[in-house]
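Q: Handing you a structure now.
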There are 2 protein chains.
Amino acid sequence: MDAQQWLERQFGCRLNNDALLHQALSHRSVGSRNNERLEFLGDSVLGYVVSEELYRRFPDADEGQLSRLRVSLVKGSALAEVAREITLGEQLRLGVGERHGGGRRRNSILADSFEAILGAIVLDLGIEACRAAILKVFHARFEGLKLEQARKDPKTRLQELLQGSGRPLPEYVLRKATGEDHARIFTVACELADGREVAEGIGDSRRAAEQAAASAVLEQLGEP
Amino acid sequence: MDAQQWLERQFGCRLNNDALLHQALSHRSVGSRNNERLEFLGDSVLGYVVSEELYRRFPDADEGQLSRLRVSLVKGSALAEVAREITLGEQLRLGVGERHGGGRRRNSILADSFEAILGAIVLDLGIEACRAAILKVFHARFEGLKLEQARKDPKTRLQELLQGSGRPLPEYVLRKATGEDHARIFTVACELADGREVAEGIGDSRRAAEQAAASAVLEQLGEP
């Protein structure tokens, strides 16, 4: 399947400009005609289209909830998941090093390239075609979205819970970091000052591990 | 001048829905029908329109430069400045406390309300009318924009300069914070570990004061 056929199947559109699609699929490791500028543009158009869709779908959500719903849809790991579903990795053009280093499977490369494709679509076909493409790709996610998912993240909820009951704030301690530079695994402990609750979390960033640890402590406190 | 006349003069458009414009001009201090959801939407549409315009105007800029140019246009203090130019403060509806506390002149309220107006425009008139309104308001700023303005911020430049010559990183020390909660003035010193260069900066946030201090040190180092 060539890139235009793939684009049509997944995004429901074809570009007039083959070279632009080619560029959107070119990681910076292939040289100077790469997708970084398109990613800048695509990121912004995705933010706008998702925001307007959320605004319309959730008339009762406040701006904090809308923001959290947006983050849940457009954060890097979520976009990488979308990219995997639409087999974007197979279409990517990577330099030799990245190709052998597993670049096709890396979250950041997948997420950035997904945004770059949206940048190419908006340039070539305009904002309404790009909106339609985004809503097509995200259709199932929007349909499945519930306002309850707009919860604050575990670290914030834990902090608010402790503050509310006058207890001291938790400490997050890095216990372990293993793996290669581009595939690190972090283990973080969340410790409450009075020593009653301690839990560990694991994640592919320090932040993710902290959130997992906070979530485990919330569970211990009966506030999952 | 009523709100619609003001909108037409400054943004070149009128809304079909009076109530929506009214809401966009209502700070949360007036009650629950306020402009916070519209601000969420307007922020995203502004980001998209400015990004696409920058992408087209600066074909040779890399994504880092584009990002910095975008920040220079859409950061809170820049939007507050735009809001002042178009006398947005006079149109705002504030609760009693905010009205007496100088809310009409506060950067955050001005910037947020400016975004809320864009949110109302895109909902009422669509994205192309909103794009035209944004480009009208930002016309002189876009015309005056130069790629050289896409410089990294002073703290980053200072850090890179020091790292490049193997010198230790600077320390930023809060020297003073004066004024009321909503109008604080910070004084920060930037100290180089070897004590040769020290300078102070002043700003309305700690970060702004740090940037001013870094800028003064860059000056001392002959790298303004």
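Q: Hey, in the GNM for chain B with a 10 angstrom Cα cutoff, which one of B:VAL30, B:VAL74, B:VAL82 fluctuates hardest?
A: Looking only at B:VAL30, B:VAL74, B:VAL82, the largest GNM fluctuation is found for B:VAL30.
Q: Which of rounded, prolate, oblate describes the range B:154-220, given a ≥ b ≥ c as roots of the alpha-carbon gyration tensor eigenvalues and a/c under 1.5 marking rounded, otherwise prolate only if a/b is larger than b/c?
A: Taking the square roots of the gyration eigenvalues as a ≥ b ≥ c, the range B:154-220 is prolate.
Q: Taking the Cβ of A:PHE186 as the center, what net charge do the other residues with Cβ under 9 Å away carry, scoring Lys and Arg +1 and Asp and Glu -1? Numbers along the way, then the final one.
A: Values: positive: A:ARG175, A:LYS176, A:ARG184, A:ARG206, A:ARG207; negative: A:ASP204, A:GLU210.
Around A:PHE186, the charge tally is +3.
Q: To the nearest whole percent, what portion of all C-alpha pairs in the protein assembly as shown is separated by more than 35 angstrom?
A: Counting pairs separated by more than 35 Å, the tail of P(r) holds 42 percent.
Q: Running a GNM on chain A with Cα contacts under 10 Å, which residue among A:GLY103, A:GLY179, A:GLY31 ends up with the highest mean-square fluctuation?
A: Highest fluctuation of the listed residues: A:GLY179.
Q: Using bins 5 angstrom wide from zero, how does P(r) for the range A:44-114 break down, in % of all Cα pairs?
A: Result returned by the calculation: 3, 16, 23, 17, 14, 11, 8, 5, 3, 1.
Q: Going toward the positive end of the dipole of the range A:135-204, with +1 on Lys and Arg Cβ and -1 on Asp and Glu Cβ, which of A:VAL173, A:THR156, A:ILE185 do you reach last?
A: A:THR156
Q: Could you compute the net charge surrounding A:ARG131? Neighbours are other residues with a C-beta less than 9 Å from the C-beta of A:ARG131; K and R count +1, D and E count -1.
A: Working: positive: none; negative: A:GLU52, A:GLU53, A:GLU128.
Combined, the nearby Lys, Arg, Asp and Glu give -3.
Q: If you don't mind, another one. For the range A:75-178, what mean projected area does the convex hull of the alpha carbons give, in nm²?
A: 10.5
Q: Cα to Cα, under 23 Å, and not fewer than 8 places away if on the same chain: which lysines meet these conditions relative to A:LYS146?
A: The reachable lysines, counting only those whose Cα sits under 23 Å from A:LYS146, are A:LYS75, A:LYS136, A:LYS155.
Q: Can you list, shortest first in nanometers, how far A:ASN17 lies from the same residue in the other copies, with each label 7 Å from Cα toward Cβ?
A: Between copies, matching label points for A:ASN17 lie 3.4 nm apart.
Q: Per-residue HN-Hα couplings for the range A:111-117, Karplus 6.51 cos²θ - 1.76 cosθ + 1.60 at θ = phi - 60°, whole Hz, x for Gly and Pro?
A: Working through the residues one at a time gives 5, 4, 5, 4, 5, 4, 4 Hz.
Q: Next question, about the same structure. Can you tell me the relative contact order of chain A? Whole percent, Cα pairs under 8 Å, sequence separation 6 or more.
A: 18
Q: What ³J(HN,Hα) values, in whole Hz, does the Karplus curve 6.51 cos²θ - 1.76 cosθ + 1.60 give for the range B:41-50 when θ = phi - 60°, with x put for Gly and Pro?
A: 5, x, 4, 6, 6, 4, x, 5, 5, 5
Q: Could you give, in nm with one decimal, how far B:LEU174 is from each other copy of that position, shortest first, with labels 7 Å out from Cα toward Cβ?
A: Reported distances to equivalent positions: 2.5 nm.
Q: Another question, if that's okay. Going 7 Å from Cα along the Cα-Cβ axis for the label, what nanometre distances separate A:GLY95 from the same residue across the other copies?
A: The answer, with the shortest distance listed first, is 5.5 nm.
Q: Where Lys and Arg each count +1 and Asp and Glu each count -1, what net charge lies around B:ALA83 among other residues with Cβ under 11 Å from its Cβ? List each step's numbers first, then the result.
A: Working: positive: B:ARG84, B:ARG104, B:ARG105, B:ARG106; negative: B:GLU81, B:GLU85, B:GLU90, B:ASP112, B:GLU115.
With Lys, Arg at +1 and Asp, Glu at -1, the neighbours total -1.
Q: Given H placed 1.01 Å from N in the peptide plane, which residues other than close sequence neighbours of B:ALA199 have an amide H under 5 Å from its amide H?
A: B:CYS190
Q: Additional query: Given B:SER113, B:ALA80, B:GLY97, which one lies farthest toward the positive end of the charge dipole of the range B:70-189, if we put +1 on the Cβ of every Lys and Arg and -1 on the Cβ of every Asp and Glu?
A: Checked the options; the winner is B:ALA80.
Q: At q = 0.20 Å⁻¹, what is the base-10 log of I(q)/I(0) for the range B:3-55 according to the Debye formula with one equal point scatterer per Cα and no solvent? Please give it to two decimals.
A: Per q value, in the given order, log10 I(q)/I(0) is -0.84.
Q: Mind telling me which of A:ALA150, A:ALA183, A:ALA212 comes out most flexible in a GNM of chain A, alpha-carbon contacts under 10 Å?
A: Its mean-square fluctuation being the largest, the pick is A:ALA183.
Q: How crowded by other chains is A:47-53, given as the mean number of beta carbons from other chains within 10 Å of each beta carbon?
A: Partner Cβ neighbours, averaged per residue: 6.
Q: About the Cα centre of the range B:156-207, how large is the charge dipole given +1 on each Lys and Arg Cβ and -1 on each Asp and Glu Cβ? Please answer in debye to the nearest 20. Mind showing how you got there, number by number?
A: Working: 8 positive and 9 negative charges, 10 e Å.
For this selection, approximately 40 debye.
Q: Give me, ordered by chain and number, the residues 5 or more places off B:ARG175 or on other chains with an amide H under 5 Å from its own placed amide H.
A: B:THR187, B:VAL188, B:ALA189
Q: Across the Cα atoms of the range B:114-166, what radius of gyration and what greatest pairwise Cα-Cα distance (Dmax) are found, in Å?
A: Values for the range B:114-166 (Cα only, Rg and Dmax): 18.4, 56 Å.
Q: Please list, in order along the range A:141-157, the HN-Hα scalar couplings obtained from phi with the Karplus expression 6.51 cos²θ - 1.76 cosθ + 1.60 (θ = phi - 60°), rounded to whole Hz, x for Gly and Pro.
A: In residue order, the calculated couplings are 5, 5, 4, x, 6, 10, 4, 4, 6, 7, 7, 5, 6, x, 4, 5, 5 Hz.
Q: Going by a ≥ b ≥ c, the root eigenvalues of the Cα gyration tensor, does chain A fall in the rounded group (a/c under 1.5), the prolate group (a/b larger than b/c) or the oblate group?
A: On the way: a/c = 3.14, a/b = 1.60, b/c = 1.96.
It is oblate, given that a/c is not under 1.5 and a/b is not larger than b/c.
Q: For the rotation that superimposes chain A on chain B, which residue of A has the C-beta lying nearest to the axis, and at what distance in Å?
A: A:TYR48, 2
Q: Can you sort B:CYS190, A:CYS13 by how many other beta carbons sit within 10 Å, fewest first?
A: Least crowded to most crowded, the residues run A:CYS13, B:CYS190.
Computed from the coordinates by the stated procedures, all read-outs in this text should not be read as laboratory data. All values reported here derive from a predicted model rather than from experimental measurement. We place every Cβ from the backbone using ideal geometry, glycine too, and count neighbours over all the protein chains shown.
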